[in-house]
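Take a look at the structure below.
Bear in mind these aren't lab numbers, they're just calculated from the coordinates by the rules spelled out. Everything numeric in this text was worked out from a predicted model, so none of it was measured. Cβ placement follows ideal geometry from the backbone for every residue including glycine, while neighbour counts extend to all protein chains displayed.
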Number of protein chains: 2
Amino acid sequence: MSIKVLTIKEDILGANEEKAKANRELVDKHHILMINIMSSPGAGKTSLILQTINRFKGKTRIAVIEGDVASTMDADKVSKLAVPVIQINTAGACHLDANMIRKALDNLALEQIDLLLIENVGNLICTAEFALGAHKQVMLLSVPEGDDKPYKYPLMFTEADVVLVNKIDVLPYFDFNVNAFSKAVSGLNPSAKIFPVSAKTGEGLEAWFSWLENAIKQQTSTA
Amino acid sequence: MSIKVLTIKEDILGANEEKAKANRELVDKHHILMINIMSSPGAGKTSLILQTINRFKGKTRIAVIEGDVASTMDADKVSKLAVPVIQINTAGACHLDANMIRKALDNLALEQIDLLLIENVGNLICTAEFALGAHKQVMLLSVPEGDDKPYKYPLMFTEADVVLVNKIDVLPYFDFNVNAFSKAVSGLNPSAKIFPVSAKTGEGLEAWFSWLENAIKQQTSTA
């Protein structure tokens with residue numbers, strides 16, 4: 001059968017850029033590295049954040065902004081590690097935006113933060129469209145989601161500075177070709193760093209930690 | 001640490017309801033059962049559709065509307081089974097809407113269809129907010145996504161007539177409690193049918209097929 005393709009354009013973007021710029025200026029003033037972490041629901045953002053806190057605690061002053069449609073489940077987990085955390089409930093909205101981040105920044109002691117991790121809402125589409133003012137865009141794609149996702153959600157993969165291929169501990173049970181996936185990502189975004197990891201077992205996380213350490217150094221050395 | 005909760009309301013819904021109603025009238029006129037299938041990216045919507053086509057072929061005249069931000073990968077797979085398929089590329093939008101479905105309906109031979117399966121965009125949030133005119137809302141939640149999702153994405157679980165717990169073939173490798181998940185869903189939505197399945201191995205699919213068979217009978221018997 002032949003396939004009919006209908007392309008329907010919709011403008012779902014607001015004027016968000018100016019506010020994102022102001023957020024960036026604010027965190028820059030305090031020499032904070034701000035990272036926007038994005039993925040599908042359940043891909044492992046919170047696990048990655050918890051591992052990262054444990055690795056950098058004592059050396060780096062971390063704070064977290066948690067974005068969810070509802071619940072404080074993730075913020076509860078972060079809070080147990082004695083790290084400042086703000087939960088944003090978007091009340092239905094499928095992504096964080098610069099305005100929400102500004103309200104969170106206004107509720108944090110910025111002079112006591114080196115690294116600010118933002119866990120965006122679980123969503124592979126809208127989150128990539130709304131700038132928050134973050135210095136780096138980090139995304140997770142988990143093995144069970146499949147290696148075809150760069151073709152279906154190209155914007156996210158184009159915007160990401162780092163792509164973490166998470167849940168590599170279950171690679172034997174899924175048809176996921178890491179090489180084919182990496183090629184597809186590089187085709188869209190040649191400068192993206194790709195790190196295969198398991199936020200559950202810790203496998204591969206050292207590459208992510210050292211990338212992050214470098215980025216923190218660059219930002220805080222502007223002091 | 002104490003957690004601050006900011007609730008930020010945003011109106012992302014358009015006036016979609018009237019158009020959805022018109023779609024419903026159109027498919028009712030042709031005694032078509034229209035099903036809206038929703039899930040996160042990579043949860044197994046396409047696999048479920050392919051299994052369903054194979055099971056009902058010969059008895060039930062099926063057509064498919066595929067919704068994706070980009071690509072025709074899923075429509076290509078459906079098309080190989082010699083079933084009429086329309087690919088909608090939303091060009092960035094995170095969900096299908098009633099307007100898009102109307103355009104697709106206008107491109108299908110409605111008098112030759114008993115069952116119309118709509119594969120919505122991979123997204124656990126926005127898709128639940130936009131009525132398409134479908135008779136039934138079906139969602140998939142795959143085991144690797146975690147059993148906490150009803151708390152984080154309550155609207156989807158509240159709207160669903162059927163919740164398929166997909167990828168039960170990998171249950172041994174994930175911390176997913178099917179009973180806890182089912183309880184959480186029933187708490188939000190006591191009338192939702194919950195079917196644990198593997199669209200890959202076929203396990204559990206008979207319960208889904210027989211639910212669907214019943215629903216088709218009810219709709220086509222209005223002829």
- Considering every pair of different Cα atoms, what Kirkwood radius, in Å, is found for the protein assembly as shown? 22.5 Å
- Put a point 7 Å out from Cα along the line to Cβ at B:Gly187; what are the distances to that point in the other copies, in nm, shortest first? 4.4
- Message: If you take every residue apart from B:Asn166 with its C-beta less than 11 Å away from the C-beta of B:Asn166, what net charge results, scoring Lys and Arg +1 and Asp and Glu -1?
- Response: 0
- Query: Given the rule -39500 (n - 2.57) for each run of at least 4 DSSP H residues, summed and divided by the residues of chain A, what is its mean residue ellipticity at 222 nm, to the nearest 500 deg cm²/dmol?
  - Reply: -10000 deg cm²/dmol
- Task: Would you mind checking the tilt of helix B:178-188 against the longest principal axis of the Cα atoms of chain B, expressed as 0 to 90 degrees and rounded to 10?
- Result: 80 degrees
- Message: For Cα pairs less than 8 Å apart in space and 6+ apart in sequence, what is the mean separation divided by the residue count of chain B, i.e. the relative contact order in percent?
- Response: 25 percent
- Scalar couplings 3J(HN,Hα) for the stretch B:95-109 by Karplus 6.51 cos²θ - 1.76 cosθ + 1.60 (θ = phi - 60°), nearest whole Hz, x for Gly and Pro, are 6, 7, 9, 5, 4, 4, 5, 4, 4, 5, 4, 5, 9, 10, 7
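Mind giving me the FRET efficiency for B:Ala22 and B:Ala207? R0 is 22 Å, r the Cβ-Cβ distance, nearest 0.05 is fine. Mind dumping the intermediate values first?
Numbers: r = 33 Å, r/R0 = 1.49.
Rounded to the nearest 0.05, the efficiency is 0.10.
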- Measuring from the longest principal axis of the C-alpha atoms of chain B, the long axis of helix B:205-220 (C-alpha) lies at a number of degrees, nearest 10, equal to 50 degrees
- Task: Using DSSP to define loop residues, name the trypsin sites (Lys or Arg not before Pro) in the stretch A:55-145 whose beta-carbon has at most 16 other beta-carbon atoms within 10 Å.
- Result: A:Lys57, A:Lys59, A:Lys80
- Message: For A:Ala109, place a label point 7 Å from Cα along the Cα-to-Cβ direction in every copy; what are the distances to the other copies, in nm, shortest first?
- Response: 7.2
- Counting other C-beta atoms within 10 Å, which of A:Leu141, A:Leu110, A:Leu116 has the fewest, and how do the rest follow? A:Leu110, A:Leu116, A:Leu141
- Query: Among B:Ser182, B:Ser40, what is the fewest-to-most ranking by other Cβ atoms within 10 Å?
  - Reply: B:Ser182, B:Ser40
- Taking a label point 7 Å from Cα toward Cβ, how far is A:Lys29 from its twins in the other copies, in nm, shortest first? 6.1
- Query: Extension gain A:Asn107-A:Asn179, at 0.36 nm per residue separation less the Cα-Cα distance, in nm?
  - Reply: 21.7 nm
- Item | Nitroxide proxy distance, nm - points 7 Å out along Cα→Cβ at B:Lys193 and A:His31 | 6.2 nm
- Message: Residue by residue through B:135-147, how many Cβ atoms from other chains fall within 10 Å of the Cβ on average?
- Response: 3
- In B, who owns the beta-carbon nearest the axis carrying B over to A, and how many Å from it? B:Pro144, 2
- Do any GluC sites (Glu not before Pro) in the stretch A:137-222 lie in a loop, going by DSSP, with at most 15 other beta-carbon atoms within 10 Å of their beta carbon, and if so which? A:Glu203
- Message: Under 5 Å between amide hydrogens, which residues at least 5 positions from B:Leu33 or on another chain qualify, with H placed 1.01 Å from N in the peptide plane?
- Response: B:Leu115, B:Leu116
- Dimensionless Rg/Rh of the stretch A:17-220, both radii on Cα and Rh by Kirkwood, sits at 0.94
- Ranked on Cβ counts within 10 Å of their own Cβ, fewest leading, A:Thr46, A:Thr72, B:Thr201 go B:Thr201, A:Thr72, A:Thr46
